[in-house]
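Down below is the structure, laid out as structure tokens.
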């Protein structure tokens with residue numbers, strides 16, 4: 001059984017579905033009461049909110065968010081009949097994942113309801129404590145109101161490849177994806193020719209051989225002196241071509257070998273259209289070898305003044321070091337030119353993002369609990385995206401296998417429910 005299949009099987013037994021938290025009990029005073037079950041299982045009030053009842057009194061609690069920032073709203077009841085908002089007071093205390101506490105005090109409104117002044121930030125997932133006083137009677141309810149949350153045992157998460165990383169600052173790059181060709185550097189190619197006419201008596205180098213400067217490549221018997229002379233390499237490098245064979249007769253100046261120093265190569269990148277107008281020398285370039293995906297980092301040296309005739313593109317040139325000798329002249333490469341890098345206070349990798357309902361979210365981990373965090377996003381590049389709101393620096397964000405968290409939450413039905 002592979003890891004993903006095993007993970008899916010174990011979910012049925014080990015994962016605690018979001019929204020199934022039990023309700024606590026308290027010895028607050030004679031007027032305290034705890035709601036039994038999840039808030040969504042409470043009776044629904046006249047305004048569509050959760051109706052919390054005790055000793056003949058009731059508080060209907062909802063989150064008002066129709067076209068306005070989300071805030072807690074409440075209505076008061078006695079013996080099932082509405083009371084004016086001035087008949088009591090309501091405070092909603094929340095405890096979010098990570099033991100983060102907040103308080104919302106509701107104040108009477110002209111429409112008969114009580115409304116909080118503070119916005120209920122996303123996610124709307126928390127443990128709730130409602131404190132109310134109606135006609136001098138102190139009332140208290142506690143319940144779990146979780147959404148977008150699940151639990152995964154640490155060993156199961158490890159087996160599934162779920163990995164987290166702390167959210168923090170970074171840079172968003174303005175990049176351009178281009179293609180190009182590798183060519184030898186000008187001045188590092190040598191053509192070797194015969195000095196005197198005569199037959200080739202020996203050959204000591206073949207195409208692909210690495211030779212050093214001064215090394216003998218072949219011997220030729222001069223027709224003029226009837227003595228042999230060595231044809232030597234003027235530079236160190238790799239033999240790209242050999243134009244003669246053993247026993248052949250060559251004339252004076254006949255081409256014999258072509259040698260190139262391939263320790264460094266030019267990368268000629270083709271830029272099209274308006275992109276050529278704001279790509280300048282000095283910016284970073286990442287070049288990818290198409291044969292095996294190896295990456296080389298360099299800097300754009302110049303933008304050539306002319307236009308490539310065949311492609312009608314502008315050619316930008318960089319140099320790479322051919323450390324392993326596997327960058328080959330004539331080979332096609334892809335490259336990413338970074339035009340600009342802008343600092344961002346908070347970034348997450350694109351691999352962390354999931355579409356959850358109608359929102360972009362990441363999943364954070366606290367202990368063995370995972371929860372969706374709806375985000376407001378800013379600029380992005382090929383690797384990461386800026387987070388404008390919805391996340392805090394240091395939050396442990398799922399950066400690998402985040403789709404498994406999403407799938408389990410959706411399976412449990414713990415989506416956005418108010």
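Read-outs: derived from the displayed coordinates by stated rules, not from any lab. It should be emphasised that the depicted structure is a prediction, and the values quoted were computed from it without experimental measurement. Methodologically, a virtual Cβ is constructed for each residue, glycine included, from the backbone with ideal geometry; neighbour enumeration extends over all protein chains shown.
Applying 1/(1 + (r/R0)^6) with r as the Cβ-Cβ distance of residue 345 and residue 403 and R0 = 30 angstrom yields a FRET efficiency of 0.65. Averaged over residues, the count of other Cβ atoms within 10 Å places the peptides 116-127, 61-72 in the sequence 116-127, 61-72, highest first.
Note on 326, 83: ascending count of other Cβ atoms within 10 Å places them as 326, 83, the fewest first.
Compared with the dominant principal axis of the Cα atoms in the chain, helix 3-14 is inclined by about 10°.
Taking a ≥ b ≥ c as the square roots of the eigenvalues of the Cα gyration tensor, the chain is classed as prolate, since a/c reaches at least 1.5 and a/b is larger than b/c.
Can you bin the stretch 49-198 into rounded, prolate or oblate? Criterion: square roots of the alpha carbon gyration tensor eigenvalues sorted a ≥ b ≥ c, rounded for a/c under 1.5, prolate for a/b above b/c, oblate for the rest. Prolate, because a/c is 1.5 or more and a/b exceeds b/c. Put in order of Cβ neighbour count within 10 Å, fewest first, the listed residues 57, 257 become 57, 257. If R0 is taken as 30 Å, the Cβ-Cβ distance between residue 411 and residue 158 corresponds to a FRET efficiency of 0.90. Shape of the stretch 190-260 from the C-alpha gyration tensor: prolate (a/c of 1.5 or more and a/b above b/c, with a ≥ b ≥ c the square roots of its eigenvalues). Maximal additional length on extending the residue 209-residue 366 stretch stands at 50.6 nm, based on 0.36 nm per residue less the C-alpha distance.
Fewest-first ordering of 303, 207 by other beta carbons within 10 Å of each residue's beta carbon gives 207, 303. Maximal additional length on extending the residue 321-residue 55 stretch stands at 87.7 nm, based on 0.36 nm per residue less the C-alpha distance.
Once both labels are positioned 7 Å from their Cα atoms along Cα-to-Cβ, the gap between residue 102 and residue 196 label points is 9.4 nm.
In this label model, residue 281 and residue 312 are separated by 2.8 nm, measuring between points 7 Å along each Cα→Cβ vector. For the chain, the longest principal axis of the alpha carbon atoms and the long axis of helix 402-412 meet at an angle near 30°.
Applying 1/(1 + (r/R0)^6) with R0 = 56 Å to the Cβ-Cβ distance of residue 70 and residue 186 gives a FRET efficiency near 0.30. Report, in whole Å, the centroid distance computed from the Cα atoms of the stretch 344-418 and the stretch 204-238. Answer, in whole Å: 65.
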